[in-house]
Amino acid sequence: MQRFRFPVGRLPDEALLSGLATGDPELAVTFVRRFQHKVFGVAVAVTGDPQLAEDIAQQTFERAWRHAQIYDSRRGSVTTWLTTIAHNLAIDAVRSRRPEPLAPDDLEAILGVVSETPEQYALADEASSRLRAAVAQLPREQGRALVMAGIYGMTAQQIADWEHIPLGTAKTRIRTAMGKLRTTLAPPQGSDHAQ
């Protein structure tokens with residue numbers, strides 16, 4: 001017996017996520033199929049390891065299933081929410097495997113990449129594009145400090161040591177960069193989108 005008036009594959013993302021939370025197997029399969037390539041793409045782009053990326057993708061969908069009820073559409077699309085989960089899990093996996101952070105000299109190449117990459121394809125939505133553009137527009141030293149802290153998990157002291165700057169300067173760069181990102185990425189006031 002068909003429970004839906006139209007194919008589940010045409011349901012909006014939010015409806016599929018709600019169905020995932022209820023444990024409906026048909027909706028769960030459709031949800032995973034809809035997002036599996038993006039989630040895997042994010043994981044493999046961050047880790048560089050397809051096998052680890054598969055594990056991260058599975059963890060992402062498990063976490064989405066457990067936390068589907070806390071999703072808030074006002075904070076971003078389902079795609080953004082899901083790829084953020086995948087990205088964070090991938091970063092955690094990389095951090096736990098890497099005994100030493102990447103050399104800051106290698107960050108120049110990473111900061112300069114705002115072209116077509118597998119991660120860009122996987123995260124090709126409004127939030128990730130805006131974030132990449134905002135980070136690229138930061139002054140170079142602030143962008144480097146932000147990436148070292150946020151992506152590579154370096155402390156302000158480690159950043160100060162790598163950059164050969166005072167600890168207070170490293171903290172200021174991180175704090176200033178975060179403030180600029182908040183300002184740049186904050187939704188315009190009065191922009192409640194009626195549906």
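The values are calculated or read from the model by the stated rules, or taken from the named source; none is laboratory data. Note that this is a predicted model, so its numbers are computed, not measured. Reconstructed Cβ throughout: ideal geometry from the backbone, glycine too, with neighbour counts over all protein chains shown. These area figures cover heavy atoms from the full protein model, side chains too; ligands, DNA and RNA do not enter into them. Shrake-Rupley method; radii C 1.70, N 1.55, O 1.52, S 1.80 Å.
Could you please tell me which pairs satisfy a Cβ distance under 6 Å, a separation of 6+ or placement on different chains, a first residue in the range 162-176 that is closer than 16 Å to GLY150 by Cβ and open to solvent by 50 Å² or more (accessible area, probe 1.4 Å), and a second residue that is among the hydrophobic types (A, V, I, L, M, F, W, C) and in a helix (DSSP H, G or I)?
Hits for this filter: LYS171/ALA156; ARG173/ALA145.
Does THR30 satisfy being in a helix (DSSP H, G or I), buried (at least 22 other Cβ atoms within 10 Å of the Cβ), among the polar types (S, T, N, Q) and on the phi < 0 side of the Ramachandran plot? Quick ask: steps written out before the conclusion?
Working: in a helix (DSSP H, G or I): yes; buried (at least 22 other Cβ atoms within 10 Å of the Cβ): no; among the polar types (S, T, N, Q): yes; on the phi < 0 side of the Ramachandran plot: yes.
Taking the combined requirement at face value, the residue does not satisfy it.
Report, ordered by the first and then the second residue, all pairs with beta carbons closer than 9 Å, sequence separation of six or more or different chains, a first member in the range 49-67 that is free of Cβ contacts under 8 Å to residues at least 12 places away in the same chain, and a second member that is loosely packed, with under 13 Cβ neighbours inside 10 Å.
ASP49/ARG97
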